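One structure below.
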Amino acid sequence: MSNKVNIAVTAGAMKGKAFSFDEHDTFIFGRLEDCHCCLPSDGQISRRHFLIEVNPPDARIRDFGSLNGTYVNGKKIGSRAKGESPEEGQKRKYTEVDLKDGDVIKVGETVMDVRVESEKAVGPVACDRCGKDVAGEIGGRQQGAYICLACRQSMQVDPAEVLRDMLAKDDGKPAAPKDGLPTIAGFRIKKRIGVGGFGAVYLAEREADKAAVAIKVMLARVAVDEDARTKFAKEIGLLKGLSHPNIVSILGSGSAGSAFYFVMEHCRGGSVADYMAANGGKLDTKVAMPIMLHALEGLAFAHGKGIVHRDLKPSNVLLTGTPTQPIAKLADMGLAKNFDKAGFSGMTVTGAYAGTPFFMPKEQLTNFKYVKPVTDVWSIGATFYNMLSGETPRDFPRGCDPMEVILRGDIVPLSNRVAGIPRAVVAVIEKAVQINTKDRYQDAGEMLAALRKVAV
């Protein structure tokens, strides 16, 4: 039996309506037409009332600072104080509740029942790190390798340490010293050079020829079963064949327990984010233009192969070449999408692991499962916007719910952020970050052709 979350409307105007989720997705409830469950004439419901993130069998509800609040099993969550505007309410700490089988959600006259179908554990499930029973912690995901939350918090989760211990466990050999780095056959890890949401990147040396490589270690946030591991490995195998001068090559990969590693070519120039920081926080158009063209060439190649990145941002555009003539390469091509598709990412929109999504387009919330090349266009456009201005296309006021900011839209024109950029270049970037997908370039190839015409 596969894991599934079902939401059935049992009372109210949409009684009889049902929603079923068998993979990672989002569900938005409110009065506006972009909500998945829309009740435009119900005055008890806010424009966007709540969001549920589902990664079966897990589900979490988040109130958007609604006027009347959301009730879960009779307990009120969210809502804003009397006299507060929607914008003021959204500045409150947004309230989230993990949902379980049998929970009841109520907003106004609408009542929803939550039903969770999940595989049951046949016995205790041990943390791969400390050995304690974590069956209660992982809920329905009671199969496969898992590191408990306490271990993650206590050790600040150095992914290399986790990988080291998992590799040692698989080999049946003692782990390296506590502060030691893992040994991966054919490579020697030297030091950590970057940290990301799912893990870290390490500088390593290939023993055969002493060449420098980068090794990315990603930690699954859920229990990893062998079927999912096998499917994920197959998808990564396809990415290894993605060869282009402007895409960071994946040279090898493997996994142990809940840790996954990827051997990649090393880009000595760091990321565009690093380059910006070393140059006052933004780049001159003439400096940025070759980088933008290179990035689009790599992305256009991937889109032509049917591959979507899903996590484009300045830190995922890496640089080689020389300081005066940098060559840009897109990193992590397809990794985020496939890691999430395998179910390893856990909750990425809500909860402690959710980052502020400066480079996320609206449809990544409203149409979560079906990201397309046009989604990458928004993110790469936002990356270029950031490179030239030092700002992001949206303002994220302190305290505001970032999800509500994204759903609301409100793109600030690039021309309002910075002066001196050629109008034709501004026009290309502003088209890329339009809210509606139909108003953008539909893939990186279209955007590349437009930018080439106005390149300075």
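Before moving on, here are some points about what is shown:
A quick yes/no check of all residues on (1) surrounded by 15 or more Cβ atoms within 10 Å (Cβ to Cβ); (2) modelled with pLDDT of 95 or more; (3) outside any strand (DSSP E or B):
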site	(1), (2), (3)
Ser2	no, no, yes
Ala8	yes, yes, no
Glu33	no, no, yes
Ser41	no, no, yes
Ile52	yes, yes, no
Gly65	yes, no, yes
Gly89	yes, no, yes
Lys93	no, no, yes
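- Test result for Val222, surrounded by 20 or more Cβ atoms within 10 Å (Cβ to Cβ), β-branched (Val, Ile, Thr) and within 19 Å of the chain's Cα centre (by Cα): yes
- Taken over the range 15-31, the criterion of being part of a loop (DSSP other than H, G, I, E, B), surrounded by fewer than 17 Cβ atoms within 10 Å (Cβ to Cβ) and at pLDDT 95 or above is satisfied by Lys15, Gly16, Lys17.
- Ile236 β-branched (Val, Ile, Thr), closer than 30 Å to Asn367 by Cβ and more than 19 Å from the chain's Cα centre (by Cα): no
- Pairs linking a residue in the range 23-39 that is more than 25 Å from Lys337 (Cβ to Cβ) to a residue that is surrounded by 17 or more Cβ atoms within 10 Å (Cβ to Cβ) and of a type in the set (Asp, Glu), with Cβ atoms under 8 Å and 6 or more positions apart or on different chains, are Arg31/Asp42.
- Checking Arg310 against (1) modelled with pLDDT of 95 or more; (2) among the basic types (Lys, Arg); (3) part of a loop (DSSP other than H, G, I, E, B), the condition it does not meet: (1)
- Annotation for the range 337-344: at least one member residue is within 16 Å of the chain's Cα centre (by Cα) and without any contact (Cβ under 8 Å) to a residue 40 or more places away in the chain.
- Annotation: Gly306 fulfils all but one of (1) within 22 Å of Gly445 (Cβ to Cβ); (2) touching a residue at least 24 places away in the same chain (Cβ under 8 Å); the unmet one is (2).
- Test result for Met387, part of a helix (DSSP H, G or I) and under 19 Å from the mean Cα position of the chain (by Cα): no
- For the range 254-263, the set of residues classified as surrounded by fewer than 23 Cβ atoms within 10 Å (Cβ to Cβ) and under 22 Å from Thr320 (Cα atoms) consists of Val263 only.
- Test set (1) surrounded by 21 or more Cβ atoms within 10 Å (Cβ to Cβ); (2) farther than 22 Å from Ile291 by Cβ; (3) free of Cβ contacts under 8 Å to residues at least 40 places away in the same chain - Ile411 fails condition number: (1)
- Within the range 113-130, being modelled with pLDDT of 75 or more and either surrounded by fewer than 20 Cβ atoms within 10 Å (Cβ to Cβ) or of a type in the set (S, T, N, Q) (or both) holds for Asp113, Arg115, Glu117, Ser118, Ala126, Cys130.
- Taken over the range 297-330, the criterion of being acidic (Asp, Glu) and surrounded by fewer than 24 Cβ atoms within 10 Å (Cβ to Cβ) is satisfied by Glu297 alone.
- Sub-8 Å Cβ pairs linking a first residue in the range 230-256 that is not assigned by TED's automatic domain parsing to the domain that holds Phe344 to a second residue that is in a strand (DSSP E or B) and of a type in the set (D, E, K, R), at least 6 apart or interchain, are Pro245/Lys329; Asn246/Lys329; Ile247/Lys329; Val248/Glu265; Val248/Lys329; Ser249/Glu265; Leu251/Glu265, ordered by first then second residue.
- Scanning the range 206-247 for residues that are farther than 21 Å from Gly270 by Cα, in a loop (DSSP other than H, G, I, E, B) and not aliphatic (A, V, I, L, M) yields Glu207, Asp209, Arg221, Asp225, Gly241.
- Members of the range 414-456 found to be among the polar types (S, T, N, Q) and either in contact (Cβ under 8 Å) with a residue 12 or more places away in the chain or more than 30 Å from Arg31 (Cα to Cα) (or both), listed by number: Ser415, Asn416, Gln434, Thr437, Gln442
- Thr320 being free of Cβ contacts under 8 Å to residues at least 24 places away in the same chain and either out of contact with any helix residue (DSSP H, G or I) (no Cβ under 6 Å at 6 or more places or on another chain) or not in a helix (DSSP H, G or I) (or both): no
The values are calculated or read from the model by the stated rules, or taken from the named source; none is laboratory data. Not measured: the values here are computed from a predicted model. Please note: Cβ atoms are built from the backbone with ideal geometry, for glycine as well, and neighbour counts cover all protein chains shown.
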